[in-house]
Amino acid sequence: MGKTGSKPTDELIILAQRGNGLAFTALWDRHIEQLRSYIKARFKNIDDYAADDICSRSFEKAFRQIQSYDQYKSRFLTWLCTIAKNTALDTLEQEQRVHPKNQIVYLDDESKPSGVEVIPDQAEDALNSLIKTENEEEHAKYIERLPELYREIARKRLIEGMKYNEIAEALDMELNTVKTRIRRAKQMIDDLRRQEEEGI
C-alpha cells in the first residue's frame, strides 16, 4: 500500500471520498481490529465468523456512504461503529425470524430487536475506549512535531492524562506555567491539523 497507508486518517477519508480505492483499503486496515473489538464487546456470544461478516458488510456500506461522512459531526471510528451496530441489529432481526428460539444477547437496550435479551453491561465503554486510543495516537503524531519546550508537557497531559498539578510537581514547574504551555501546545496542534486538512 506504500505511501497511501501511511497518510493521516483525515487525509485518507478525503481521498476515499474522491474515489480512491487504495485510501479506503488503508482505512479498512487501520480500523478493522477496532471495529471487530467493538462488535464483540457489544454483542455477547457472537462468534468470530459473524463478527467478521458484520465488519465486512459494515465497511461495504461505509464505502457506499463515504460521501455522506462529515468529519465535523463525528469521528470516523464513531461513524463506522454506528454503521456496524445497525448492521448487527439487522442481522439479529433476520436471525430471530429464521430461528425464533435462538438468542443472541445484545448489551444495550437501545433499538434492540424484539426477542433479544438485554443484560447490564458497560458496552458504550468499548467505543469510548477505542476513541480514546485513536485520540491518543493522533495526539502523539502531532506532539512529536512540537518544539521540545512543549513536547514533554503535552505528552503528559494529552497522552498520559495527568492533571495540571501532577505535571507541575513532576516537572518542578509553576502551575501557571504548565497551564500556559499546555494551552499553547494545543493551539500548535490545532494549527498543524488545520494545515494538513488544507494541504499546506
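The values are calculated or read from the model by the stated rules, or taken from the named source; none is laboratory data. Computed from a predicted model, the values in this text were never measured in an experiment. Glycine also receives a Cβ, built like all others from the backbone with ideal geometry; neighbour counts cover every protein chain displayed.
The table below lists the values:
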| item | result |
| --- | --- |
| Condition check for Ser68: modelled with pLDDT of 55 or more and either among the basic types (Lys, Arg) or more than 19 Å from Leu35 (Cα to Cα) (or both) | yes |
| Which listed residue, of Tyr38, Tyr49, is free of Cβ contacts under 8 Å to residues at least 24 places away in the same chain, part of a helix (DSSP H, G or I) and either surrounded by 17 or more Cβ atoms within 10 Å (Cβ to Cβ) or among the aromatic types (Phe, Trp, Tyr) (or both) | Tyr49 |
| Selected residue (only one of Leu146, Leu158, Leu171 is modelled with pLDDT under 85 and of a type outside the set (S, T, N, Q)) | Leu158 |
